[in-house]
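**Student:** Okay, here's the structure, questions in a sec.
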Amino acid sequence: MRGRADPQNRRWSRRAWLRLAGLGSLTSGVALASQDGQPDLVSASAPDHLGAAMGPVGRVSTESFDPTQFLRTWNFSNLPALERERFYRETPKLDGTTLREYELFAVDREIEIAPGVFFPAWTYNGQVPGPTIRATAGDHLRINFVNQGSHPHGLHFHGWHPPGMDGALAEQQVMPGDSFLYEFDAEPFGVHLYHCHANPLKRHLHKGLYGAFIVDPPSASARPPADELVMVLNGFDTNFDAENEFYAANTVASFYLQEPIRVAVGQLVRMYVVNMTEFDLINSLHLHGMFFDVFRTGTSLTTTESTDTIMLCQGERAILETTFRYPGDFMFHGHQAEFAELGWMGLFRAEGTRAT
Amino acid sequence: MVGRQHRRLQPGRRRIRRWQGAGGAVAGVLVAAVAVVSLVILLPLSVSTRAAVRNITLVARDMAFYVEGGTVPNPTIRLAAGEEVRFVLRNLDPGITHNLAIEGWELETAYLDGDASATLRVHVPDQPGNQTYVCVPHRGMMRGVIEVVAGNRR
């Protein structure tokens, strides 16, 4: 992928693509030959490799879900004020905390997870991952959940709450057409998750019922200002054989390969990474060309680890912090190469001049 | 002459030949005659329809109904008693199935899977009163009131 930063290589790669398109009409790579009848080894091998590295052909529609917008959206901040009020309201309280009220619903929706690949998802608010919920530790959350889906669902938050608000027991499932009001205080600070806990659990999870739940430390200055990004690692079992056929950060396979995440050189970047992959026991995130500080579960303000690859179990999450030193493109992906090739692959595009 | 021509031609080519020469003229006259007759039949109907039927376009978006161009979710819709109304529902939630039903009047559109529209023709009863309109699969969120008011027949 170095070619992306280098104009000379980019020209070459476009030519290679054209050549690849031309070769597409031939049935087999074995048949490739130059005009004198000798095998043309360069054109036979390079475009094949380049093709694999470029991800899928075509683009996914971002009309109903835009992974770029999702990265920096929480509490429905992507919606215009009037629309936002339907789903999110905040009221300051006298003790300095905030009452945050949410309207979440479950609904069946067919979503596009790779160009031309549609998945019959179960969603929170029509999107996978569900909307990111974000509060400050000590805030009071009031979440009205309406099940508009075709199966029993619910909300199960990770974090402190009384048992009646856990949403996981069989009798706590919300039947289609019913609703339930979840109320609890946001704690502890960190990066958490919410998901449906209806049975069979693995099906309800892989169908798309999950989202990120971020709780900020009580002091606003506890974490330095940063460009903050939400990444939910997920996979999709498109043929219901209990194995994933597609993987991604934020649902759409290879999306950030085609639309790199733009960041600024010298600016602190903070990633809230939640692993919601089902069926595969672990997932990981590897970032090229740099290291990041790890705050596991985000429950400490002190980093415990500096690395370039973090492993996450199902439901495990972490805050990662780093600063891009060099302008250019940097790959990030699951270090399970199979996941990467099936969509869990993206690029950061750092812009600006190198900090000295 | 036309008959002789037919006998000479292959069956598959008849239609083509018919539009050439004398046969074509005959067919043209026939088509024109049919058009005039149907126009005479349909014209009074379409004129009366345009005068009496009110179109109300609703869009289904983000799990709510909106009057097209409106910003109020699930708005109250006021109809005049005895009025003729045609509801047009457009689904702007790709991948989500919506419809429009006024169950008190036993009226319902087909289910739409996004980027499609359906119509519901309603002869509003003469008695004032309220009805509920819903999207059947999402009645928990997509639900509004139809107010039938007396008089003011359009």
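FYI, it's all coordinate maths here, none of it is from the lab. What you are looking at is a predicted structure, and each value in this text was computed from that prediction instead of being measured. Methodologically, a virtual Cβ is constructed for each residue, glycine included, from the backbone with ideal geometry; neighbour enumeration extends over all protein chains shown.
**Student:** Quick one: in the stretch A:80-108, which of the residues that are without any contact (Cβ under 8 Å) to a residue 24 or more places away in the chain and touching a strand residue (DSSP E or B) at 6+ places or on another chain (Cβ under 8 Å) is farthest from the other protein chains (Cβ to nearest Cβ)?
**Tutor:** The qualifying residue farthest from the other protein chains (Cβ to nearest Cβ) is A:P92.
**Student:** Then there's this: Can you report the number of residues in the stretch A:300-329 which are surrounded by fewer than 16 Cβ atoms within 10 Å (Cβ to Cβ), in contact (Cβ under 8 Å) with a residue 24 or more places away in the chain and among the hydroxyl-bearing types (S, T, Y)?
**Tutor:** Residues meeting the conditions: 2.
**Student:** If I filter the stretch B:108-123 down to residues being within 14 Å of chain A (Cβ to nearest Cβ) and either assigned to a strand (DSSP E or B) or touching a residue at least 24 places away in the same chain (Cβ under 8 Å) (or both), which single residue comes out as farthest from A:E63 (Cα to Cα)?
**Tutor:** Out of the qualifying residues, it is B:Y111.
**Student:** Scan the strands (runs of 3 or more DSSP E) fully inside the stretch A:218-335 and keep the ones with 3 or more residues being farther than 18 Å from A:L193 by Cβ.
**Tutor:** Details: elements: A:227-236, A:246-249, A:261-264, A:268-275, A:282-287, A:292-296, A:305-307, A:309-313, A:317-323, A:328-333.
Passing ranges, in order: A:261-264, A:305-307, A:317-323, A:328-333.
**Student:** Hey, another quick one. Return the total of residues in the stretch B:57-105 being among the polar types (S, T, N, Q), in a loop (DSSP other than H, G, I, E, B) and more than 9 Å from chain A (Cβ to nearest Cβ). Full working, then the answer.
**Tutor:** Going residue by residue through the stretch B:57-105, those that are among the polar types (S, T, N, Q) are B:57, B:71, B:74, B:76, B:91, B:97, B:99.
After this cut, where a residue has to be in a loop (DSSP other than H, G, I, E, B) as well, the list is B:71, B:74, B:76, B:97, B:99.
Going one step further and asking which of them are more than 9 Å from chain A (Cβ to nearest Cβ), we end up with B:74, B:76, B:99.
Qualifying residue count, the stretch B:57-105: 3.
**Student:** Turning to a different aspect of this structure: Going by the conditions given, is A:P176 within 11 Å of another protein chain (Cβ to nearest Cβ), touching an Asp or Glu at 6+ places or on another chain (Cβ under 6 Å) and outside any helix (DSSP H, G or I)?
**Tutor:** Numbers: within 11 Å of another protein chain (Cβ to nearest Cβ): yes; touching an Asp or Glu at 6+ places or on another chain (Cβ under 6 Å): no; outside any helix (DSSP H, G or I): yes.
Against the criterion (within 11 Å of another protein chain (Cβ to nearest Cβ), touching an Asp or Glu at 6+ places or on another chain (Cβ under 6 Å) and outside any helix (DSSP H, G or I)), A:P176 does not qualify.
**Student:** A follow-up question, please. Quick check, is A:S150 within 14 Å of another protein chain (Cβ to nearest Cβ), over 26 Å from A:A249 (Cα atoms) and either touching a helix residue (DSSP H, G or I) at 6+ places or on another chain (Cβ under 8 Å) or hydrophobic (A, V, I, L, M, F, W, C) (or both)? Talk me through it step by step, then tell me what you get.
**Tutor:** Working: within 14 Å of another protein chain (Cβ to nearest Cβ): yes; over 26 Å from A:A249 (Cα atoms): yes; either touching a helix residue (DSSP H, G or I) at 6+ places or on another chain (Cβ under 8 Å) or hydrophobic (A, V, I, L, M, F, W, C) (or both): yes.
Spelling it out, A:S150 is indeed within 14 Å of another protein chain (Cβ to nearest Cβ), over 26 Å from A:A249 (Cα atoms) and either touching a helix residue (DSSP H, G or I) at 6+ places or on another chain (Cβ under 8 Å) or hydrophobic (A, V, I, L, M, F, W, C) (or both).
**Student:** Still on this model: Out of curiosity, is A:F76 hydrophobic (A, V, I, L, M, F, W, C), buried (at least 21 other Cβ atoms within 10 Å of the Cβ) and touching a residue at least 24 places away in the same chain (Cβ under 8 Å)? Break it down into steps so the answer makes sense when it comes.
**Tutor:** Numbers: hydrophobic (A, V, I, L, M, F, W, C): yes; buried (at least 21 other Cβ atoms within 10 Å of the Cβ): no; touching a residue at least 24 places away in the same chain (Cβ under 8 Å): yes.
No: the conditions fail for A:F76.
**Student:** Turning to a different aspect of this structure: Identify all residues within the stretch B:75-96 that are under 18 Å from A:Q148 (Cα atoms) and surrounded by fewer than 20 Cβ atoms within 10 Å (Cβ to Cβ); write none if there are none. Spell out the reasoning first.
**Tutor:** Step one: of the stretch B:75-96, the residues under 18 Å from A:Q148 (Cα atoms) are B:91-96.
Within the stretch B:75-96, B:L92, B:P94 meet the criteria.
**Student:** As an exercise: evaluate A:Q127 against (1) in contact with a strand residue (DSSP E or B) (Cβ under 7 Å, 6 or more places away or on another chain); (2) within 12 Å of chain B (Cβ to nearest Cβ) and give the number of the one condition it does not meet.
**Tutor:** (1)
**Student:** Going by the conditions given, is A:V117 within 14 Å of chain B (Cβ to nearest Cβ), in contact with a Gly (Cβ under 7 Å, 6 or more places away or on another chain) and on the phi < 0 side of the Ramachandran plot? Break it down stepwise before answering.
**Tutor:** Numbers: within 14 Å of chain B (Cβ to nearest Cβ): yes; in contact with a Gly (Cβ under 7 Å, 6 or more places away or on another chain): no; on the phi < 0 side of the Ramachandran plot: yes.
The answer is no for A:V117.
**Student:** Of all the residues that make up the stretch B:97-110, how many are surrounded by 16 or more Cβ atoms within 10 Å (Cβ to Cβ) and touching a helix residue (DSSP H, G or I) at 6+ places or on another chain (Cβ under 8 Å)?
**Tutor:** Qualifying residue count for the region: 4.
**Student:** On to the next question. Hey, can you tell me all the residues within the stretch B:124-147 that are in contact (Cβ under 8 Å) with a residue 40 or more places away in the chain, loosely packed, with under 15 Cβ neighbours inside 10 Å and out of contact with any Ser or Thr (no Cβ under 8 Å at 6 or more places or on another chain)?
**Tutor:** B:D126, B:Q127, B:P128
**Student:** Determine whether the stretch A:129-138 contains at least one residue that is outside any strand (DSSP E or B), buried (at least 21 other Cβ atoms within 10 Å of the Cβ), in contact with a Leu (Cβ under 9 Å, 6 or more places away or on another chain) and among the hydrophobic types (A, V, I, L, M, F, W, C).
**Tutor:** Looking for residues that are outside any strand (DSSP E or B), buried (at least 21 other Cβ atoms within 10 Å of the Cβ), in contact with a Leu (Cβ under 9 Å, 6 or more places away or on another chain) and among the hydrophobic types (A, V, I, L, M, F, W, C), one finds none in the stretch A:129-138, hence no.
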